[in-house]
Amino acid sequence: MSQNLEVFPLLPLRGMVVFPYMVVPLDVGREKSLNAVEEAMLRDRQIVVAAQKDVRQNDPTPEEIYALGTLVEIKQLVKLPEAVRVLVEGLTRVKLVEYLQEDPYYRVGVIRLEEEDTRDIELEALMRHVLSQFEQYLKLAKNAPAELLAVVAEIEEPGRLADTIASHLDASLMKTDDRQALLETAGTRTRLEKLSLVLAHEIEILEMERKIQLRVKRQMEKSQKEYYLREQMKAIQKELGEYDERTAEAEELRERLAALDLPEEVRQKAEKEIERLERMPPLVAEVVVIRNYLDWLLSLPWRVYTEDRLDLETAERILEEDHYGLEKVKERILEYLAVCQLTRRLKGPILCLVGPPGVGKTSLAKSIARALNRRFVRFSLGGVRDEAEIRGHRRTYVGAMPGRIIQAMRQAGSSNPVFLLDEIDKMSMDFRGDPSAALLEVLDPEQNVGFSDHFLEVPYDLSRVLFITTANTHYGIPRPLLDRMETIVIPGYTEEEKIEIAKRHLWPKQLVEHGLAGYDLFLSERSLRRLIREYTREAGVRELERRLAALCRHLARQVVKGRRPPIRVTASLLPKYLGPPQFRYGTVFDGDRVGVATGLAWTEAGGEILNIEVSVVRGKGQLILTGKLGEVMRESAQAALSYIRSCAGEFGIKPDFHEGCDLHIHLPEGAIPKDGPSAGIAMAAAVVSALTSRPVRPDVAMTGEITLRGRVLPVGGLKEKILAAHRAGITTIVLPKENEKDLQEVPENVTRKLRFIPVTNMREVLAVAFLGEERSSFSAG
């Protein structure tokens, strides 16, 4: 051991730095620290204190203790129940050179770091500057002793002055590392310069705190002054008998306003209207208008949001519980939740569910709200023709109210509900405006952050709302509105899907609604299949649910009459309960098929079978079209006839056949409107059949647009048409070659039972359609 080293016990400190000349109490509780203090008391009461680098360490190693500390003298020791409190006074800086012992306490060899004070004019100026800063610091600091400045001003040694001032800086404002850096700074001049920087920084922070306190104090004084004056006015009005119900109402409105977290623009508007209400004479009619306006303004859920359920597994389980199938919609909602988990902030998507009636569009929106843990509101747009239904009326009108959007937001009670706009394709317009144009702002994610209602006169944020719209077809939706929405097509259900939906949802629901849940009632799968095939013909399940309800009513009657369960509903009993079958399952047309072809169409109710009949009668070459056909379908018939006339020789038809006869094309169910180009090839096949007396195969259905050159063009709604053909018992479907890619969307259990023949021209269609003909009969050459 070097002869220059002095040996002392070591006391590590947590979160504290002791400077020379500093008198400070220390609470000692750790075993090693108690042993070190005890050893110091047995010797000369001197001990080295040094800060540890990590305050969380209960037993620091030598590497975790700063290498520069302070030699202190224990002035007083007081034993407490679980610790020892010592009063120490800093003597001098010491450098920890060597650790000589670690147990039962640290013993270290140290070197004293003495300082030489070479006074000059620059050092004197620096001392005065630091003293001036410390004086300013004490004026701003809280709980600073008044006599401290006088004590510090008497110090003449530069090193002692720096250490004394550093020891009196607020420990809560300075980090331990910064205080240790001051302690380790070598040289009196350098330490004073560093201390000056620290004081300047602390003074700046204290100045800012003072300004903040003054601002808060002024605001509090203003609020207290307004409250005091308002109470005085109230007392004076009561004494004069002028304190009426309207003044009390204004006070109540102010209390409601103060309790709400409103946007600043809305708060200013509300305060202005409350002041107007107070100044209004009691019998003015506008008082009612202002009161109604304020009631609406303060009852809306400004900045009120429900917490989304972002658990993908739970949301997926809820969606699967409520609905069978509909995979595309479920995937889109789960994708939305996944993005929300990653970003924590996402504008609500605007989904448009397009599909035939009864496929579950409205109930799916409720299920989405339950999966997201959001509130649900619904607004039916069917028959809406007034723009004010969306935007509201201005307050100048008698009985003015906000639009249905704002009304629904108040009903929801939050600013992020699931908002269903039902039947968006059923809107209309008149002289009062176009509601679809008003919806453009509502359904535009870039604009609905500040939706403007004519009644409110202040913007309302709809960007967190999850809008879901429903429609039966695209055609009824205005194009600008459709462009703002993400369209998801929901096709009709297959037979297997209907059976699963009936077993999982419809049948249990009807049993509960008819009080039969506790009885042993069994509906076999075979019975369900016959019910679907012979008593319903729809894309959805609405009629199926009505039939199941009728079945439950008959069973309930039997139970009430005393028939004991179990009751089994077999397929053979369905006519007894529901009457004779309404539809035939199998071939769609029996008997002579000359002049008759089966086409496929897509309507608002889903896919449909069209039996196209053609008769050749004496006449002057006219084309007669009946069956309530639209303009596009009429033009398709004209194109089909022109093609047949141009190729009459190829089909064995006289070139001048049209001169002595009329062609009558009829589509049965004449009360139902029909339109579109997809029946073009079916009409052409029926005309050729009628002119050549060759029958068309009854198990073949066809769809496709025909051109004057006999080309077969692609059509839409193929999946719905194929499902309709499957329901009707068709086995072969002729479709355009370009539609072959759409077969991927058709369920596999349906495609397995059907034969698909893609075609590019009319000759290929006729080769498949006629009985007893080979494909080469009408080959392209």
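The values are calculated or read from the model by the stated rules, or taken from the named source; none is laboratory data. It should be emphasised that the depicted structure is a prediction, and the values quoted were computed from it without experimental measurement. Note that each Cβ is placed from the backbone with ideal geometry, even for glycine, and that neighbours are counted across all protein chains shown. In case anyone asks, the SASA skips ligands and DNA or RNA and just uses the protein heavy atoms, side chains included. Shrake-Rupley method; radii C 1.70, N 1.55, O 1.52, S 1.80 Å.
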Practice item. Being in a loop (DSSP other than H, G, I, E, B) and open to solvent by 70 Å² or more (accessible area, probe 1.4 Å) narrows it down to one of 537, 526, so name that one. Key: 537
Review point. In segment 474-498, what count of residues is obtained for those that are open to solvent by 10 Å² or more (accessible area, probe 1.4 Å), more than 24 Å from the chain's Cα centre (by Cα) and in contact (Cβ under 8 Å) with a residue 12 or more places away in the chain?
Key: 9
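Can you tell me how many residues within segment 703-733 are in a loop (DSSP other than H, G, I, E, B), among the polar types (S, T, N, Q) and surrounded by fewer than 22 Cβ atoms within 10 Å (Cβ to Cβ)? Before the answer, list the steps.
As a first pass, look at segment 703-733 and keep what is in a loop (DSSP other than H, G, I, E, B): 703-704, 707-710, 714-717, 729-731.
Restricting the remaining residues to those that are among the polar types (S, T, N, Q) gives 703, 707, 731.
From what's left, surrounded by fewer than 22 Cβ atoms within 10 Å (Cβ to Cβ): 707, 731.
So the answer is 2.
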Practice item. Would you point out which residue out of 500, 534, 543, 513 is at pLDDT 80 or above, within 21 Å of residue 330 (Cα to Cα), out of contact with any helix residue (DSSP H, G or I) (no Cβ under 7 Å at 6 or more places or on another chain) and not small (Gly, Ala, Ser)? Key: 500
Review point. Assuming residue 336 fulfils every condition listed in (1) touching a Lys or Arg at 6+ places or on another chain (Cβ under 9 Å); (2) closer than 25 Å to residue 483 by Cβ; (3) surrounded by 16 or more Cβ atoms within 10 Å (Cβ to Cβ); (4) among the hydroxyl-bearing types (Ser, Thr, Tyr) apart from one, which condition is it?
Key: (1)
Revision key, fill the gap. Exception for residue 66 within (1) free of Cβ contacts under 8 Å to residues at least 60 places away in the same chain; (2) hydroxyl-bearing (Ser, Thr, Tyr); (3) touching a helix residue (DSSP H, G or I) at 6+ places or on another chain (Cβ under 8 Å) falls at (1)
Point to revise | Options 391, 374; residue that is at pLDDT 85 or above and either within 22 Å of residue 541 (Cα to Cα) or in contact with a strand residue (DSSP E or B) (Cβ under 8 Å, 6 or more places away or on another chain) (or both) | key: 374
Exercise for review: Considering only residues that are of a type in the set (Gly, Ala, Ser), assigned to a loop (DSSP other than H, G, I, E, B) and in contact with a Lys or Arg (Cβ under 8 Å, 6 or more places away or on another chain), look in segment 665-702 and name the one that is least open to solvent (accessible area, probe 1.4 Å).
Suggested key: 678
Check your understanding: For segment 85-181, which helices (runs of 4 or more DSSP H) that fit wholly inside it have 3 or more residues that are without any contact (Cβ under 8 Å) to a residue 12 or more places away in the chain, within 19 Å of residue 12 (Cα to Cα) and open to solvent by 80 Å² or more (accessible area, probe 1.4 Å)?
Key -> none
**Study point:** Flag for residue 26 being part of a strand (DSSP E or B) and farther than 19 Å from residue 166 by Cβ
**Key:** no
Practice item. Take the residues in segment 292-323 that are in contact with an Asp or Glu (Cβ under 9 Å, 6 or more places away or on another chain) and buried (at least 18 other Cβ atoms within 10 Å of the Cβ), then tell me which one is nearest to residue 260 (Cα to Cα). Key: 302
**Study point:** Subset of segment 413-463 (residues that are among the small types (Gly, Ala, Ser) and open to solvent by less than 10 Å² (accessible area, probe 1.4 Å))
**Key:** 414, 415, 438, 463
**Study point:** Any chance residue 619 is touching a strand residue (DSSP E or B) at 6+ places or on another chain (Cβ under 8 Å), of a type in the set (Gly, Ala, Ser) and over 20 Å from residue 734 (Cα atoms)
**Key:** yes
Study note, to complete from the structure: Scanning segment 182-198 for residues that are in a loop (DSSP other than H, G, I, E, B) and open to solvent by 20 Å² or more (accessible area, probe 1.4 Å), the one nearest to residue 127 (Cα to Cα) turns out to be 187
Practice item. Considering only residues that are among the charged types (D, E, K, R) and closer than 19 Å to residue 367 by Cα, look in segment 504-513 and name the one that is least open to solvent (accessible area, probe 1.4 Å). Key: 509
Point to revise | segment 689-713 residues that are of a type in the set (Asp, Glu), paired with ones that are surrounded by fewer than 23 Cβ atoms within 10 Å (Cβ to Cβ) and not in a loop (DSSP other than H, G, I, E, B) (beta carbon under 8 Å, 6 or more apart) | key: 699/732; 705/713
Exercise for review: Could you please tell me which pairs satisfy a Cβ distance under 8 Å, a separation of 6+ or placement on different chains, a first residue in segment 384-402 that is assigned to a helix (DSSP H, G or I), and a second residue that is open to solvent by 10 Å² or more (accessible area, probe 1.4 Å) and aliphatic (A, V, I, L, M)?
Suggested key: 390/384
Revision key, fill the gap. Within segment 406-428, residues among the aliphatic types (A, V, I, L, M) and within 17 Å of residue 441 (Cα to Cα) come out as 406, 408, 409, 420, 421, 424, 427
Point to revise | Given (1) touching a helix residue (DSSP H, G or I) at 6+ places or on another chain (Cβ under 7 Å); (2) open to solvent by 30 Å² or more (accessible area, probe 1.4 Å), index of the condition residue 23 fails | key: (1)
Exercise for review: Kindly indicate the residue of segment 734-768 that is among the basic types (Lys, Arg) and free of Cβ contacts under 8 Å to residues at least 40 places away in the same chain and also surrounded by the fewest Cβ atoms within 10 Å (Cβ to Cβ) among those meeting that condition.
Suggested key: 752
Revision key, fill the gap. Given the conditions (1) open to solvent by 20 Å² or more (accessible area, probe 1.4 Å); (2) closer than 16 Å to residue 180 by Cβ; (3) outside any loop (DSSP other than H, G, I, E, B), every one holds for residue 57 apart from (3)
Check your understanding: Can you name every residue in segment 541-560 that is closer than 18 Å to residue 525 by Cα and part of a helix (DSSP H, G or I)?
Key -> 543, 544, 545, 546, 547, 548, 549, 550, 551, 552, 555
Exercise for review: Specify which of the listed residues (257, 253) is closer than 23 Å to residue 457 by Cα, of a type outside the set (S, T, N, Q) and at pLDDT below 80.
Suggested key: 253
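Does residue 334 qualify as being part of a helix (DSSP H, G or I), within 19 Å of the chain's Cα centre (by Cα), more than 27 Å from residue 489 (Cβ to Cβ) and not hydroxyl-bearing (Ser, Thr, Tyr)?
Judged against the criteria, residue 334 is not a match.
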Check your understanding: Does residue 425 qualify as being assigned to a loop (DSSP other than H, G, I, E, B), under 28 Å from residue 371 (Cβ atoms) and free of Cβ contacts under 8 Å to residues at least 60 places away in the same chain?
Key -> no
Exercise for review: Only strands (runs of 3 or more DSSP E) wholly contained in segment 561-661 count here; list those with 3 or more residues that are surrounded by 17 or more Cβ atoms within 10 Å (Cβ to Cβ) and at pLDDT 85 or above.
Suggested key: 596-603, 606-618
Point to revise | Of the criteria (1) open to solvent by 10 Å² or more (accessible area, probe 1.4 Å); (2) at pLDDT below 85; (3) more than 30 Å from residue 718 (Cα to Cα), which one residue 357 fails | key: (3)
